[in-house]
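The values are calculated or read from the model by the stated rules, or taken from the named source; none is laboratory data. Keep in mind that this is a model prediction, so the values were computed, not measured. Methodologically, a virtual Cβ is constructed for each residue, glycine included, from the backbone with ideal geometry; neighbour enumeration extends over all protein chains shown.
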2 protein chains.
Amino acid sequence: MADDALVIFTPSGKRGRVAKGTAVLQAARSLGVDLDSVCGGRGICSKCQVAPGYGDFSKHGVHVAQDALSDVNAVEARYDRVRGLKPGRRLGCQACIEGDVVIDVPAESQVHKQVIRKSATERVMVMDPATRPYLVEVTQPDMHEPSGDFQRLAQALEREWGITGLGADLAVLRQLQPALRKGNWQVTAAVHDAGQGAELTGLWPGLREAPLYGLAIDLGSTTIAGHLVALDDGRVLVSSGVMNPQIRFGEDLMSRVSYVMMNPGGEVEMTRVVQDAMGTLATTLAEDAGIDPHDIMEATVVCNPVMHHLLLGIDPVELGQAPFALATSDSLNLHARDVGLTTIAPAGRCYILPLIAGHVGADAAAVALSEAPEAREELSLIVDVGTNAEIILGNSKRVLACSSPTGPAFEGAQISSGQRAAPGAIEKIRIDPLTKEPRFCIIGNDHWSDTPEFGTPQITGICGSGIIEAVAEMRMSGICDASGLIGSAAQIGSPRSQPAGRTHEYVIHDARPDGPLITVTQGDIRAIQLAKSALYAGARLLMDEMGVDAVDRVVLAGAFGAHISAKHAMVLGMIPDVPLDQVTSAGNAAGTGAQMALCSCKARRQIEAQVHKIHKIETAIEPKFQEHFVAANALPHATDPFTQLRAIAPLPDVSFNTNGSGDGRRRRKRG
Amino acid sequence: MADDALVIFTPSGKRGRVAKGTAVLQAARSLGVDLDSVCGGRGICSKCQVAPGYGDFSKHGVHVAQDALSDVNAVEARYDRVRGLKPGRRLGCQACIEGDVVIDVPAESQVHKQVIRKSATERVMVMDPATRPYLVEVTQPDMHEPSGDFQRLAQALEREWGITGLGADLAVLRQLQPALRKGNWQVTAAVHDAGQGAELTGLWPGLREAPLYGLAIDLGSTTIAGHLVALDDGRVLVSSGVMNPQIRFGEDLMSRVSYVMMNPGGEVEMTRVVQDAMGTLATTLAEDAGIDPHDIMEATVVCNPVMHHLLLGIDPVELGQAPFALATSDSLNLHARDVGLTTIAPAGRCYILPLIAGHVGADAAAVALSEAPEAREELSLIVDVGTNAEIILGNSKRVLACSSPTGPAFEGAQISSGQRAAPGAIEKIRIDPLTKEPRFCIIGNDHWSDTPEFGTPQITGICGSGIIEAVAEMRMSGICDASGLIGSAAQIGSPRSQPAGRTHEYVIHDARPDGPLITVTQGDIRAIQLAKSALYAGARLLMDEMGVDAVDRVVLAGAFGAHISAKHAMVLGMIPDVPLDQVTSAGNAAGTGAQMALCSCKARRQIEAQVHKIHKIETAIEPKFQEHFVAANALPHATDPFTQLRAIAPLPDVSFNTNGSGDGRRRRKRG
């Protein structure tokens, strides 16, 4: 009888001969099979569960006898009794190989778990977080051979896990001695290693059963969104958002830069409030998920360049003027406390994605990471609409990026009845082409306003997606013309059009005197025209640089992208015309990019390399941007473009008033 | 005529041929000659000054023509006119080699300047600080090729100075953009590199003329001493000390550990006050030296283990009980702000020397670095007397270390008329063996009290060195016996002995009713006996371990070591008997070690390696310590040992009362 046995691991197919009596975990390691373990083979973490197969495996040419693995031992039996093992499962660290065997490693037992991201373009991400937990047994102190508790912990991590050159943050050194003694010299250590050396960032007595957590933050000019992620399998436990409190220093970025110019040192206060808000968001998310915020070991942040500098306490004034020089553009690997994020683990880390250019930020980099246009043959136009629009155009050959100053109109700001997306806001609207009567949906109500189920909810205003639909529907129903001018009641044949000063406005909802009057004014249409012109001009500029007149697909990203109607966006001429089925929403792609950077060091390396390859176009100094901007002011489609012949590119609107154009020029200077 | 020329650099003797027209600085670099430059050859920093020699150099076999170097050019002429060049000096970056030449590099032009440390054992230290200044020209931003200002600065440092992988502290990133623009894209960058990667830690527009500064801190239980050092040549600009404000939580270390035991979390407050005091000390030193405290780029700290943990905010409770486990023992390379040192450069660094053991701290490591017993054949006993005594015994073969709980008596504390060393304190005393009359010196007065020049100064008490001399002189003049008992006036024949309770006391100075009565009481002698017994027992324990009965030389270190009288110390039996000329004072060796670590990365590597080689003896658990302690209570020498035959080792004093011994036992438990 042979002293060794054949072992075949599935699904990897890795195989080899090991000495009989070898534990499955050890066999997996020696054959390079991806089998997880936190406790290092002590039979307590259960991460190394495997499913052995018995009988004939003709595919592998092996017959597995019932006694191919050692009997369930006391450790396994105890684990099964106390915590429960699924039928057919064994603990890889306890079960020993006694004969030829086929062993399946279930997905949840792999170190590098594959996570399928739910997005329009489903992609697989492999878990490879910078911070991982390790259970170790630390040698007790010996006063005859004095050495620090930390040094002995580092030796244990090297001995048991091969971690070398471990450093420690002071915040963890402060917890070290009590934790070691409470755990009776057995501790779970969180070690951060993002390629710049291993650092001890957390410590728990004994085995930490719960996973470590991370926080992906999308720091926008208006909203700060956070996603609390489990670092073992990448699942999002909870997401939430808070207003960016910097709004009180200026609604848009350029106002905030101006604030610092007018109030030197004003960035200090702006930095403080945004850092505080991030800390509060972390606490709130932890509360919502029922976890200790100190178990959040890492955060990743994506943001535009101005927010980037304001978060770091860097005066953003250079970003307000050519040549829009960034203080620093590479990714940053910091302690979370250095960016004022003091509510998570005291030694927690913070990774900030790289910036692409003075106007194209880490948020755009995150979108590029999430959507990976360089991975496709087709030419993708990716538009992340926020207060600024980040626009990426590219395929496997070349990727271009720019930022376009759309202003806040798309978010419902600077719109007469506008409001941010919140319950009560009109988010969808349809106008009957014949009667010119509107019907609409509001956030928080699943029914259309012309159905009995709609009831009598409070209607408060129009949000970003609502105003886009409203203007597009007004154009399609003939309430306004290609120049955006609203006709009088006599012209369009509906009392919904009312005189307002020297122009007209369209009444969507009139609940006076007890409720609001919600209208779309001539000024609202002009604001949307300016915003969509900026967006379209940016996309055109990239298409010029690429030497193309059309794109293969359009991806709408951003929180707003998730709610925008592709059809209405094209009616407005926000985006170039493509087949409707080639317009997809990537949801919050920037947030997804932040989550990817949280879950995968490889993703960090990817985007760090990619930002250097992306060619940046500076819209503010391109004369052609101005041309495209003016040319794009018209509302091109008199009817739904997909029920008609495909419309041609929008024509210049010579009647567009020069004040509006002047406004546009002023806005263009914004970051 | 040859196209190249022979160049010989002195004092290094390095030689080689270089193409004619090569600048001296460039030739020096290509031949590996140590020639300084901060401006990178722009003719503005003058660090590369050289002294060419002309005529026959038979030793080198070369004749140097008058035109061996290029003529003084406009840059040199301007520098000479504006700033002045010493006669015969040339700027190495401007003067070009045109013929065979011998060029002397003066000491002040060497990068690795040799600094001769003034100590009992004069040693040479080579400047090799972790933080160095570099002048660079940074490429201006280009919005068509966007990159961060920091990335372009890093490129310039790599291009001009070969510095790779530069990181930046956020605090410097905040200063970066204004500094670059103010300096018209020329800046002096301070780069810290202690072997763990280069980090930008400071920035000044244009050329910074002044050197960078460092702060060496000796953080004692009672006093915090600081030395402000110029990092170009290692000179100490100013030294100063402040009281350790932790004294209000307990005079000695064990009381402070007890405070934390009684008040969990009490270390937070203790950490805060000591960090604040260090910050204030830094500011004071900078003010005294007339420099900006923000130009202090680095601090090094030496301290005992309890102070170490309290500085870092680590609960020191484990250091109060066996096995005296340190939280961490290795050296620490931190940001200064992480130890609350926020008054120096915002991105300043702090290096904390390694600890040797739970009772033998970074202060002892600094003494070992400064005194380097491993570099000698003779066996050195190095004693650093403070509230605890650190004792090192060693030679080139082996080095041992221990700590002994002497208590604060040697510093004048717990002595009836004791006080700390300050003007008015008696620091020297002599007692006439016949008349038993004393004469003394006080701090701040150069004359003996029995001379007319002494005048009538205010006499306030006895300091540490004074009480040692007083007890030794009382023993030599027969006022007290070998057991330490003070005789009555009748016994010793002098009214200076007065009854005090059930014992007697010796009157040194009686200025009543308008001034103080200064006496040495029986209790004072007991306190000194306990302290010296602990010190002697520690030394004996190391000698036992080394297997020797005598040492070759004794080094007294510590601020107190500088003032102690070797003769009186031997009369008391504080230290083993050695020839008087083999007893030297090393001054503040711990502070010197801190300065060395500040000036030299090599010194850091040395002590980091050395602490692992030092064998540690734990006095608290060695039964023989107790034996030596009890045996050492006697005052061995009835007369000056150096006017008599060399005395034998002290004998046990069987009459020594057990209460005293009991006290000693209790004290021994202190850290």
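For region A:624-638, how many residues are away from chain B (no Cβ under 14 Å) and either part of a helix (DSSP H, G or I) or of a type in the set (S, T, Y) (or both)?
If we filter region A:624-638 for residues that are away from chain B (no Cβ under 14 Å), which is where we start, we get A:624, A:626-638.
Still in the running and either part of a helix (DSSP H, G or I) or of a type in the set (S, T, Y) (or both): A:624, A:626-631.
Here the count works out to 7.
Of all the residues that make up region B:172-204, how many are farther than 21 Å from B:D128 by Cβ, within 14 Å of chain A (Cβ to nearest Cβ) and surrounded by 18 or more Cβ atoms within 10 Å (Cβ to Cβ)?
Residues flagged as farther than 21 Å from B:D128 by Cβ, within 14 Å of chain A (Cβ to nearest Cβ) and surrounded by 18 or more Cβ atoms within 10 Å (Cβ to Cβ) within region B:172-204 amount to 11.
With respect to B:I217, determine if the residue is within 14 Å of chain A (Cβ to nearest Cβ), of a type in the set (V, I, T) and touching a His at 6+ places or on another chain (Cβ under 9 Å).
Answer is no for this residue.
Given the criterion modelled with pLDDT of 90 or more and touching a Gly at 6+ places or on another chain (Cβ under 8 Å), identify the matching residue among A:A425, A:A409, A:A421. First the steps, then the outcome.
Working: A:A409 fails: modelled with pLDDT of 90 or more; A:A421 fails: modelled with pLDDT of 90 or more.
Just a single option satisfies the conditions, and that option is A:A425.
Only one residue in B:G99, B:G88 is of a type in the set (G, A, S), at negative phi and out of contact with any helix residue (DSSP H, G or I) (no Cβ under 7 Å at 6 or more places or on another chain), so which one is that?
Testing whether each residue is of a type in the set (G, A, S), at negative phi and out of contact with any helix residue (DSSP H, G or I) (no Cβ under 7 Å at 6 or more places or on another chain) leaves just B:G99.
Does B:R430 qualify as being free of Cβ contacts under 8 Å to residues at least 12 places away in the same chain and either out of contact with any Gly (no Cβ under 8 Å at 6 or more places or on another chain) or assigned by TED's automatic domain parsing to the domain that holds B:H637 (or both)?
no
Name the residues in region B:424-442 that are closer than 11 Å to B:I462 by Cβ and outside any strand (DSSP E or B), would you?
B:G424
Can we say B:L212 is of a type outside the set (F, W, Y), in contact with an Asp or Glu (Cβ under 7 Å, 6 or more places away or on another chain) and within 13 Å of chain A (Cβ to nearest Cβ)?
Taking the combined requirement at face value, the residue does not satisfy it.
Sort out which residues of region B:589-602 are over 15 Å from B:H227 (Cβ atoms) and crowded, with 24+ Cβ neighbours inside 10 Å, and write them in order of number.
Across region B:589-602, there are no qualifying residues.
A:G220 - would you say it is buried (at least 18 other Cβ atoms within 10 Å of the Cβ), closer than 30 Å to A:E108 by Cβ, in contact (Cβ under 8 Å) with a residue 24 or more places away in the chain and not assigned by TED's automatic domain parsing to the domain that holds A:L35?
Taking the combined requirement at face value, the residue does not satisfy it.
Looking only at region A:288-320, filter to residues that are in contact (Cβ under 8 Å) with a residue 24 or more places away in the chain and assigned to a loop (DSSP other than H, G, I, E, B); which one of those is farthest from the other protein chains (Cβ to nearest Cβ)?
A:I291
Kindly indicate whether any position in region B:57-71 is closer than 30 Å to B:P133 by Cβ and modelled with pLDDT under 90.
No, there is no match, as no residue in region B:57-71 is closer than 30 Å to B:P133 by Cβ and modelled with pLDDT under 90.
Within region B:156-166, does at least one residue satisfy the condition of being among the aromatic types (F, W, Y) and away from chain A (no Cβ under 11 Å)?
There is at least one residue in region B:156-166 that is among the aromatic types (F, W, Y) and away from chain A (no Cβ under 11 Å).
How many residues does region A:15-29 hold that are at pLDDT 90 or above and either within 37 Å of the chain's Cα centre (by Cα) or aliphatic (A, V, I, L, M) (or both)?
Looking only at region A:15-29, we keep the residues that are at pLDDT 90 or above, and these are A:15-28.
Next cut, either within 37 Å of the chain's Cα centre (by Cα) or aliphatic (A, V, I, L, M) (or both) only: A:18-19, A:23-25, A:27-28.
The total comes to 7.
Is at least one residue of region B:338-352 crowded, with 20+ Cβ neighbours inside 10 Å, assigned to a helix (DSSP H, G or I) and either more than 10 Å from chain A (Cβ to nearest Cβ) or modelled with pLDDT of 95 or more (or both)?
Scanning region B:338-352, I find at least one residue that is crowded, with 20+ Cβ neighbours inside 10 Å, assigned to a helix (DSSP H, G or I) and either more than 10 Å from chain A (Cβ to nearest Cβ) or modelled with pLDDT of 95 or more (or both), so the answer is yes.
Would you mind telling me which numbered condition in (1) over 25 Å from A:D549 (Cα atoms); (2) of a type outside the set (D, E, K, R); (3) more than 11 Å from chain B (Cβ to nearest Cβ) A:A389 fails?
(1)
Within the bounds of region B:491-498, is there any residue that is among the basic types (K, R), over 29 Å from B:E627 (Cβ atoms) and in contact with a strand residue (DSSP E or B) (Cβ under 6 Å, 6 or more places away or on another chain)?
yes
Which number in (1) away from chain A (no Cβ under 14 Å); (2) in contact (Cβ under 8 Å) with a residue 24 or more places away in the chain marks the one condition that B:A375 misses?
Looking at each condition in turn, B:A375 falls short on (2).
Please work out which one of (1) within 30 Å of A:T188 (Cα to Cα); (2) among the charged types (D, E, K, R); (3) touching a helix residue (DSSP H, G or I) at 6+ places or on another chain (Cβ under 7 Å); (4) more than 10 Å from chain B (Cβ to nearest Cβ) is the condition A:D363 fails and give its number.
Evaluating A:D363 over (1) within 30 Å of A:T188 (Cα to Cα); (2) among the charged types (D, E, K, R); (3) touching a helix residue (DSSP H, G or I) at 6+ places or on another chain (Cβ under 7 Å); (4) more than 10 Å from chain B (Cβ to nearest Cβ) leaves (1) as the failure.
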